[in-house]
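First the structure, in the form of structure tokens, and then the observations on it.
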Amino acid sequence: MTYLAKPRLHHPSLVPNELGFTRRDYEGSVSTLCAGCGHDSISAAIIQACYELDLPPHRVAKLSGIGCSSKTPDYFLGASHGFNTVHGRMPSVLTGANLANRDLIYLGVSGDGDSASIGFGQFAHAVRRGVNMTYIVENNGVYGLTKGQFSATSDKGSKSKKGVVNHDSAIDLVSVALQLGATFVARSFSGDKAQLVPLIKAALSHKGAAFIDTVSPCVQFNNHAGSTKSYDYVREHNESVNRLDVVPLRDPIHVDYAPGTTVQVTQHDGSVLSLHKLAEHYDPTDRIAAMSYLAQRQAAGEIVTGLLYVDPEATDLHEALETVETPLNALADRALIPGSGVLAKLNATLR
Amino acid sequence: MQRTSTDGPDYFHKVVDCQWACPAHTPVPEYIRLIADGRYTDAYMVNWKSNVFPGILGRTCDRPCEPACRRGRVEDEPVAICRLKRVAADNKADVSSFMPAIAAPNGKRVALVGAGPAALTVARDLAPLGYHVVVYDAEAKGGGMIRSQIPRFRLPEEVIDEEVGYIADLGLDMRFGQRIDSLGALLGEGYDAVFVGTGAPRGRDLDLPGRQEAAANIHIGIDWLSSVSFGHIEKIGRRVIVLGGGNTAMDCCRTSRRLGGEDVKVIVRSGFDEMKASPWEKEDAIHEDIPILNFLVPKEFTHKDGKLTGVLFEEVAATFDDKGRRKLMPTGAPDQHFECDDVLVAVGQENAFPWIERDLGLDFDEWGMPKVDAVTFQSTRAGVFFGGDAAFGPKNIIWAVAQGHEAAVSIDRFCQGGDLADRPPPMTNLVSQKMGIHEWSYDNDISNDQRFRVPLRDKVEALKNVKIEVELGFDLKQGLAEAQRCLNCDVQTVFAEPLCIECDACVDICPVDCITFTDNGEEEDLRGRLKAPALNLDQDLMVSAELKTGRVMVKDEDVCLHCGLCAERCPTGAWDMQRFTLEMSHASDVGGGACQAR
């Protein structure tokens with residue numbers, strides 16, 4: 001935590017993207033989280049991803065709930081739209097915003113308390129409805145703001161900083177998201193930007209409910225021996241199933257891995273996800289297999305990371321509802337109030 | 001790469017680019033902080049200890065520190081280090097109580113030939129130790145070229161009197177008006193050591209057709225400048241041509257503008273960028289409506305009835321031979337003639353030692369320069385030392401001072417029977433600046449200001465009188481603001497591997513992307529794959545030992561702002577900001593450290 005704003009001066013070699021923005025232009029105000037917080041690394045990864053995707057900052061809406069994680073949208077994309085909602089209510093506010101204006105890119109940022117406890121129901125329904133969004137949970141397995149109680153994602157048997165053993169079962173948000181029909185599911189680690197940045201890029205370009213569970217160590221309350229969300233534990237037990245390259249539509253596809261070790265998935269927007277397999281036989285388009293693989297590795301004490309599942313044919317809530325292409329908030333009164341004639345016609349179809 | 005060793009004085013010294021570039025290694029960030037703190041007297045004494053002439057150098061230094069300044073690599077222009085030195089000098093209180101105490105006479109007598117910056121530095125270092133120091137100079141006052149060649153509108157005489165006075169007051173035996181005509185005779189007087197600091201007193205001439213015939217209106221630059229300084233010349237013709245592209249040429253043309261020269265031109269053989277004059281001196285000349293014409297080689301002084309009428313030039317262009325060497329070749333264009341009333345020749349200076357007999361065991365090289373040891377400044381005759389322009393040809397005041405310090409160390413060693421090669425190491429120290437979680441004992445909030453311009457006197461006013469100082473100097477407010485631009489490069493980023501948990505906090509917060517955690521490799525390979533490429537090969541990489549994940553931490557020193565955010569963000573204190581101090585050891589320190597700045 002620092003009181004000083006990050007100096008404006010930057011490295012002379014910093015290159016602007018297609019829009020003329022440098023990475024620094026995607027930053028927000030200075031973080032007030034504890035020094036060493038994994039969440040700050042996730043913020044840095046989001047900044048990097050948005051810069052690399054040439055996203056116009058004013059086309060992004062970042063929404064969050066309450067908690068350490070939910071404070072972070074203040075620390076990135078300072079020129080984007082933001083909504084810091086009530087605890088656990090980010091998914092419904094995001095859903096509403098998305099319905100009103102389908103043209104924005106929605107980024108929901110939440111934590112394990114916000115999504116796995118108070119907002120568990122909201123999380124579930126936003127995912128099962130297929131809201132077009134990127135939903136990132138910054139998962140540290142602890143209530144940091146209230147000084148270190150176990151959260152709903154703390155693993156059974158793991159130890160608190162004071163040595164208390166957790167006797168409750170953990171909610172695995174990735175398994176839940178898979179079960180509820182999320183069309184893009186990934187897990188990553190705040191300490192591995194090489195993996196995390198491409199995942200965020202892929203999620204942002206995915207049309208549908210994209211969920212990323214990011215293990216993010218709490219240096220203050222959950223980075224000790226006995227924790228299963230510490231830097232050391234995650235590094236020792238991290239089992240990455242693939243390495244992802246996101247190739248935007250305009251770039252030629254270039255793969256430098258040996259043939260047969262790469263899977264390519266073309267998304268709706270034409271971008272290509274080039275996945276370098278790390279775990280043999282892992283197929284990220286097979287949802288059932290992904291769920292069973294996760295369960296097996298979890299039983300072995302491993303933390304499976306990477307792009308776990310993607311449905312290239314994903315659809316979203318707007319398609320299901322058959323809403324008009326024009327964002328609802330941009331429709332003029334004429335379109336919204338078509339008159340009694342139209343109403344009478346509609347009523348006639350229901351008789 | 002191997003883990004970078006920061007032991008010894010050099011690694012962190014190099015990071016303080018200004019101090020490393022300064023021949024006298026003045027602790028620049030240290031005195032700039034003192035200025036920002038309003039402690040002008042302390043800032044002055046830090047300078048005085050290191051470079052002896054802060055008020056003079058704060059107006060005239062060639063400032064090798066400024067092109068080196070890190071601020072100039074993250075922004076357009078460096079910190080105005082030189083002019084901040086003047087702020088300290090202008091605003092200090094009485095410093096007499098800070099002057100070194102004089103030890104009891106040690107019975108040794110040392111003769112200094114010349115009273116310029118090099119010799120006065122030797123005197124400053126030796127007098128407090130109890131040496132009987134005798135200074136000979138042909139002029140009536142001390143200062144050497146500082147007094148004779150630097151125009152008064154750049155350096156008022158009071159400043160010279162004051163700073164030469166501090167040294168004279170250390171109990172020197174000043175023998176002004178006494179020119180030494182024979183080194184042999186001087187050696188015969190039984191001095192324990194002799195120091196020669198006679199400068200490079202001879203201006204080069206141009207032996208072209210018409211030189212003799214038009215001699216009355218052709219002047220050698222440095223001689224003419226000193227005649228102006230001493231009041232022997234008060235006027236020059238309306239149209240003046242200055243030949244030469246160095247700082248002396250700039251002084252000549254600007255002086256001419258003040259002595260009646262209305263149409264003053266500088267005409268140079270080389271291109272504008274290759275001129276020897278410092279960029280700011282060229283800028284000052286242009287500001288005073290003096291055009292600089294390039295790629296013109298003088299061929300002939302034209303004259304009529306025994307009076308100069310102008311100069312004829314051949315036009316050249318820069319060409320490169322197959323070895324890439326630059327050569328000036330005639331373009332074949334018709335020669336150009338420029339009319340003028342006077343010509344000032346400022347095409348270089350030479351050393352001259354007609355007064356040194358060649359049978360004293362003191363060897364000269366093929367160019368007539370004495371053979372002088374580059375470290376000890378001793379000649380081939382034991383006990384005779386050289387320094388300043390007399391040792392290695394024309395350079396700047398700050399070089400003369402640096403060499404004077406080294407020569408004084410040698411003379412002291414020599415007189416006390418020590419080994420000259422055994423040089424005292426600099427004093428270094430490294431102290432954490434951490435005061436609290438967000439509190440450092442230096443101001444780490446980086447100022448966004450661009451370099452401030454030194455206010456100038458109104459041009460019409462300034463050109464009226466050659467003795468009116470043209471630069472007004474920063475006022476206190478500007479001085480404070482400019483001081484805040486300093487990045488405090490002496491506050492070093494120090495990394496402790498065992499504490500690092502590789503959380504990336506420092507990588508994420510660093511505003512200039514200078515920290516990377518990556519797999520180790522050879523330097524060339526590493527430089528290419530850091531978070532921002534490390535393209536400045538003059539700047540070191542600081543590489544840690546292997547960390548827990550098998551990676552290393554690599555920090556590129558190049559554009560680090562020393563803002564300390566890495567250390568503020570570090571949860572374990574693996575990064576710390578530690579102030580590095582390096583003070584050169586002078587003869588006076590060896591003898592008991594009489595000068596105490598703080």
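The values are calculated or read from the model by the stated rules, or taken from the named source; none is laboratory data. This one's a predicted model, so the numbers in the text were calculated from it and none came from an experiment. Cβ: placed from backbone, ideal geometry, glycine included. Neighbour counts: every protein chain shown.
Observations, loosely collected:
- Residue check, residue B:550 of a type in the set (Gly, Ala, Ser), part of a loop (DSSP other than H, G, I, E, B) and either without any contact (Cβ under 8 Å) to a residue 24 or more places away in the chain or touching a helix residue (DSSP H, G or I) at 6+ places or on another chain (Cβ under 9 Å) (or both): no
- Test: residue in region B:542-551 that is farther than 21 Å from residue A:35 by Cα and at the interface with another protein chain (Cβ under 10 Å from one of its Cβ atoms): no
- Residues located in region A:71-103, provided they are out of contact with any helix residue (DSSP H, G or I) (no Cβ under 6 Å at 6 or more places or on another chain) and either over 24 Å from residue A:31 (Cβ atoms) or polar (S, T, N, Q) (or both): A:84, A:96, A:97, A:98, A:99, A:103
- Failed item, numbered, when residue B:213 is tested on (1) within 30 Å of residue B:362 (Cα to Cα); (2) charged (D, E, K, R); (3) in contact with a strand residue (DSSP E or B) (Cβ under 6 Å, 6 or more places away or on another chain): (1)
- Residue in region B:518-526 that is within 12 Å of chain A (Cβ to nearest Cβ), crowded, with 22+ Cβ neighbours inside 10 Å and either out of contact with any Ser or Thr (no Cβ under 8 Å at 6 or more places or on another chain) or in a strand (DSSP E or B) (or both) present: no
- For residue B:493: the one exception among (1) more than 22 Å from residue A:194 (Cβ to Cβ); (2) in a helix (DSSP H, G or I): (2)
- In region A:29-47, of all residues being surrounded by fewer than 20 Cβ atoms within 10 Å (Cβ to Cβ) and not hydroxyl-bearing (Ser, Thr, Tyr), the one that is nearest to residue A:138 (Cα to Cα) corresponds to A:34.
- Residue match in region B:43-56 (condition: of a type in the set (Phe, Trp, Tyr), outside any helix (DSSP H, G or I), modelled with pLDDT of 95 or more and crowded, with 21+ Cβ neighbours inside 10 Å): yes
- Any hit, region A:87-95, residues being closer than 17 Å to residue A:44 by Cα and of a type outside the set (Lys, Arg): no
- Options A:117, A:41: the member that is touching a residue at least 40 places away in the same chain (Cβ under 8 Å) and small (Gly, Ala, Ser): A:41
- Evaluating residue B:93 against the criteria (1) in a loop (DSSP other than H, G, I, E, B); (2) closer than 24 Å to residue B:42 by Cα; (3) in contact with an Asp or Glu (Cβ under 8 Å, 6 or more places away or on another chain) leaves one unmet condition, (3).
- Region B:492-515 residues that are more than 10 Å from chain A (Cβ to nearest Cβ), paired with ones that are part of a helix (DSSP H, G or I) (beta carbon under 8 Å, 6 or more apart): B:492/B:12; B:492/B:15; B:493/B:566; B:493/B:567; B:515/B:506; B:515/B:507; B:515/B:566
- Residue count, region B:96-139 (criterion: farther than 21 Å from residue B:183 by Cα and part of a loop (DSSP other than H, G, I, E, B)): 10
- Residues of region A:205-220 that turn out to be surrounded by fewer than 23 Cβ atoms within 10 Å (Cβ to Cβ) and more than 11 Å from every other protein chain (Cβ to nearest Cβ), as a count: 1
- Members of region A:131-153 found to be modelled with pLDDT under 95 and among the small types (Gly, Ala, Ser), listed by number: A:144, A:148
- Given (1) surrounded by fewer than 24 Cβ atoms within 10 Å (Cβ to Cβ); (2) more than 10 Å from every other protein chain (Cβ to nearest Cβ); (3) small (Gly, Ala, Ser), index of the condition residue A:69 fails: (1)
- Unique match (being surrounded by fewer than 21 Cβ atoms within 10 Å (Cβ to Cβ) and either assigned to a loop (DSSP other than H, G, I, E, B) or free of Cβ contacts under 8 Å to residues at least 12 places away in the same chain (or both)) among B:206, B:186: B:206
- Within region A:4-33, restricting attention to residues that are farther than 29 Å from residue B:527 by Cβ and of a type in the set (Val, Ile, Thr), the residue that is nearest to the other protein chains (Cβ to nearest Cβ) is A:30.
- Inclusion of residue B:154 among residues that are within 23 Å of residue B:225 (Cβ to Cβ), in contact with a helix residue (DSSP H, G or I) (Cβ under 8 Å, 6 or more places away or on another chain) and part of a loop (DSSP other than H, G, I, E, B) is warranted.
- Scan of region B:552-572 for residues that are under 19 Å from residue B:69 (Cβ atoms), within 7 Å of chain A (Cβ to nearest Cβ) and crowded, with 23+ Cβ neighbours inside 10 Å, ordered by number: B:559, B:563
- Filtered by the rule that a residue be surrounded by 16 or more Cβ atoms within 10 Å (Cβ to Cβ), of a type in the set (A, V, I, L, M, F, W, C) and assigned to a loop (DSSP other than H, G, I, E, B), region B:311-353 gives B:340, B:346, B:347, B:353.
- Residue in region B:344-366 that is farther than 15 Å from residue B:241 by Cα, touching a residue at least 40 places away in the same chain (Cβ under 8 Å) and in contact with a Phe, Trp or Tyr (Cβ under 6 Å, 6 or more places away or on another chain) present: no
- Qualifying residue in region B:57-68 (condition: crowded, with 18+ Cβ neighbours inside 10 Å, touching a helix residue (DSSP H, G or I) at 6+ places or on another chain (Cβ under 7 Å), part of a loop (DSSP other than H, G, I, E, B) and on the phi > 0 side of the Ramachandran plot): yes
- Residue in region A:153-162 that is under 30 Å from residue A:319 (Cα atoms), within 17 Å of the chain's Cα centre (by Cα) and either away from every other protein chain (no Cβ under 14 Å) or part of a helix (DSSP H, G or I) (or both) present: no
- Criterion violated by residue A:324 - all others in (1) in contact with a Gly (Cβ under 7 Å, 6 or more places away or on another chain); (2) farther than 15 Å from residue A:208 by Cα satisfied: (1)
- Test for residue B:557: is it closer than 24 Å to residue B:491 by Cα, of a type in the set (D, E, K, R) and modelled with pLDDT under 95: no
- You will find that of A:160, A:169, the residue that is more than 15 Å from residue A:230 (Cβ to Cβ) and either touching a residue at least 12 places away in the same chain (Cβ under 8 Å) or not basic (Lys, Arg) (or both) is A:169 and no other.
- Restricting attention to region B:1-20 and to residues that are crowded, with 17+ Cβ neighbours inside 10 Å and out of contact with any strand residue (DSSP E or B) (no Cβ under 8 Å at 6 or more places or on another chain), the residue that is farthest from residue B:161 (Cα to Cα) turns out to be B:17.
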